[in-house]
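Asks: Have a look at the structure that comes next, please.
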Amino acid sequence: MTKAEIVELMSEKLELRKKDIAMVIDLFFEIVKEGLRNEEHIELRGFGTFEVKTREEREARNPKTGESVIVPKRKVPYFRPGRELKAISKIKVT
(Lines give C-alpha, C1' and ligand atoms only; values in the text may rest on other atoms or scores of the structure.)
Protein backbone atom coordinates (compact mmCIF):
# COMPACT_ATOMS: atom_id res chain seq x y z
CA MET A 1 0.00 0.00 0.00
CA THR A 2 1.32 3.43 -0.92
CA LYS A 3 0.93 6.78 0.78
CA ALA A 4 -1.46 7.84 -1.99
CA GLU A 5 -3.64 4.79 -1.30
CA ILE A 6 -3.65 5.54 2.42
CA VAL A 7 -4.65 9.15 1.69
CA GLU A 8 -7.46 7.89 -0.56
CA LEU A 9 -8.80 5.49 2.09
CA MET A 10 -8.63 8.07 4.86
CA SER A 11 -10.30 10.67 2.67
CA GLU A 12 -13.19 8.31 1.95
CA LYS A 13 -13.63 7.26 5.59
CA LEU A 14 -13.31 10.73 7.09
CA GLU A 15 -14.95 12.64 4.25
CA LEU A 16 -12.08 15.13 4.17
CA ARG A 17 -10.13 16.49 1.22
CA LYS A 18 -7.17 14.39 0.07
CA LYS A 19 -4.99 17.50 0.20
CA ASP A 20 -5.75 17.97 3.92
CA ILE A 21 -5.13 14.29 4.72
CA ALA A 22 -1.81 14.36 2.81
CA MET A 23 -0.70 17.45 4.77
CA VAL A 24 -1.43 15.70 8.09
CA ILE A 25 0.45 12.56 7.04
CA ASP A 26 3.42 14.61 5.78
CA LEU A 27 3.53 16.56 9.05
CA PHE A 28 3.42 13.32 11.03
CA PHE A 29 6.40 11.97 9.07
CA GLU A 30 8.34 15.21 9.58
CA ILE A 31 7.72 15.12 13.34
CA VAL A 32 8.87 11.49 13.54
CA LYS A 33 12.00 12.24 11.47
CA GLU A 34 12.84 15.27 13.61
CA GLY A 35 12.38 13.21 16.75
CA LEU A 36 14.74 10.55 15.41
CA ARG A 37 17.28 13.24 14.44
CA ASN A 38 17.16 14.33 18.09
CA GLU A 39 17.44 10.67 19.19
CA GLU A 40 14.03 10.74 20.86
CA HIS A 41 12.08 7.60 21.69
CA ILE A 42 8.75 7.72 19.78
CA GLU A 43 6.09 5.34 21.07
CA LEU A 44 2.76 4.79 19.32
CA ARG A 45 0.80 2.50 21.63
CA GLY A 46 -0.71 -0.48 19.87
CA PHE A 47 1.50 0.11 16.82
CA GLY A 48 5.17 0.24 17.79
CA THR A 49 8.22 2.24 18.78
CA PHE A 50 10.70 4.24 16.71
CA GLU A 51 14.15 4.86 18.11
CA VAL A 52 17.77 5.37 17.12
CA LYS A 53 20.32 2.65 17.82
CA THR A 54 24.08 2.84 17.59
CA ARG A 55 25.82 0.20 15.51
CA GLU A 56 29.40 -0.29 16.64
CA GLU A 57 32.35 -0.19 14.28
CA ARG A 58 32.96 -3.58 12.69
CA GLU A 59 35.06 -5.34 10.12
CA ALA A 60 33.36 -6.47 6.92
CA ARG A 61 34.40 -7.78 3.52
CA ASN A 62 33.97 -6.21 0.10
CA PRO A 63 31.96 -8.89 -1.76
CA LYS A 64 33.64 -8.14 -5.11
CA THR A 65 37.26 -8.14 -3.99
CA GLY A 66 37.14 -10.02 -0.68
CA GLU A 67 39.14 -7.13 0.80
CA SER A 68 38.59 -6.42 4.50
CA VAL A 69 37.05 -3.01 5.22
CA ILE A 70 36.13 -1.20 8.42
CA VAL A 71 32.49 -0.10 8.69
CA PRO A 72 32.49 2.91 11.03
CA LYS A 73 30.27 3.31 14.08
CA ARG A 74 26.94 4.84 13.07
CA LYS A 75 23.43 5.59 14.23
CA VAL A 76 20.49 3.91 12.50
CA PRO A 77 16.70 4.29 12.84
CA TYR A 78 14.98 1.27 14.32
CA PHE A 79 11.32 0.25 14.51
CA ARG A 80 10.03 -2.27 17.02
CA PRO A 81 6.42 -3.40 16.39
CA GLY A 82 3.99 -3.38 19.31
CA ARG A 83 2.07 -6.40 20.56
CA GLU A 84 -1.04 -5.66 18.52
CA LEU A 85 0.96 -5.28 15.30
CA LYS A 86 2.88 -8.48 16.02
CA ALA A 87 -0.41 -10.32 16.57
CA ILE A 88 -1.51 -9.45 13.01
CA SER A 89 1.55 -11.21 11.57
CA LYS A 90 0.58 -14.42 13.39
CA ILE A 91 -2.73 -14.72 11.52
CA LYS A 92 -2.70 -17.82 9.33
CA VAL A 93 -3.45 -17.35 5.65
CA THR A 94 -5.50 -20.12 4.07
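Asks: Given the conditions (1) surrounded by fewer than 10 Cβ atoms within 10 Å (Cβ to Cβ); (2) in contact with a helix residue (DSSP H, G or I) (Cβ under 9 Å, 6 or more places away or on another chain); (3) among the β-branched types (V, I, T), and given that V52 satisfies all but one, which numbered condition is not satisfied?
Replies: Just one mismatch for V52, condition (1).
Asks: Filter region 1-49 down to residues that are of a type in the set (S, T, Y) and surrounded by 13 or more Cβ atoms within 10 Å (Cβ to Cβ) and give me whichever is farthest from the chain's Cα centre (by Cα).
Replies: S11
Asks: Regarding T54, is this residue of a type in the set (S, T, Y) and either under 24 Å from I88 (Cα atoms) or assigned to a helix (DSSP H, G or I) (or both)?
Replies: So T54 fails the test.
Asks: If you take the residues in region 68-94 that are part of a loop (DSSP other than H, G, I, E, B) and modelled with pLDDT of 95 or more, which one is surrounded by the fewest Cβ atoms within 10 Å (Cβ to Cβ)?
Replies: Within region 68-94, the match that is surrounded by the fewest Cβ atoms within 10 Å (Cβ to Cβ) is P72.
Asks: Kindly list, by first and then second residue, each pair from a residue in region 27-46 that is under 18 Å from P81 (Cα atoms) to a residue that is in a helix (DSSP H, G or I) and of a type in the set (D, E), limited to pairs with Cβ atoms under 8 Å and residues at least 6 apart or on different chains.
Replies: G46/E84
Asks: Quick check, is T65 exposed (fewer than 10 other Cβ atoms within 10 Å of the Cβ) and of a type in the set (S, T, N, Q)?
Replies: When the stated conditions are applied, T65 passes them.
Asks: Being out of contact with any helix residue (DSSP H, G or I) (no Cβ under 9 Å at 6 or more places or on another chain), at pLDDT 95 or above and aliphatic (A, V, I, L, M) is true for just one of I31, I42, I21. Which residue is that?
Replies: Step by step, each of I31, I42, I21 is checked, and only I31 is out of contact with any helix residue (DSSP H, G or I) (no Cβ under 9 Å at 6 or more places or on another chain), at pLDDT 95 or above and aliphatic (A, V, I, L, M).
The values are calculated or read from the model by the stated rules, or taken from the named source; none is laboratory data. Small disclaimer: the values here were computed from a predicted structure and weren't measured. Cβ: placed from backbone, ideal geometry, glycine included. Neighbour counts: every protein chain shown.
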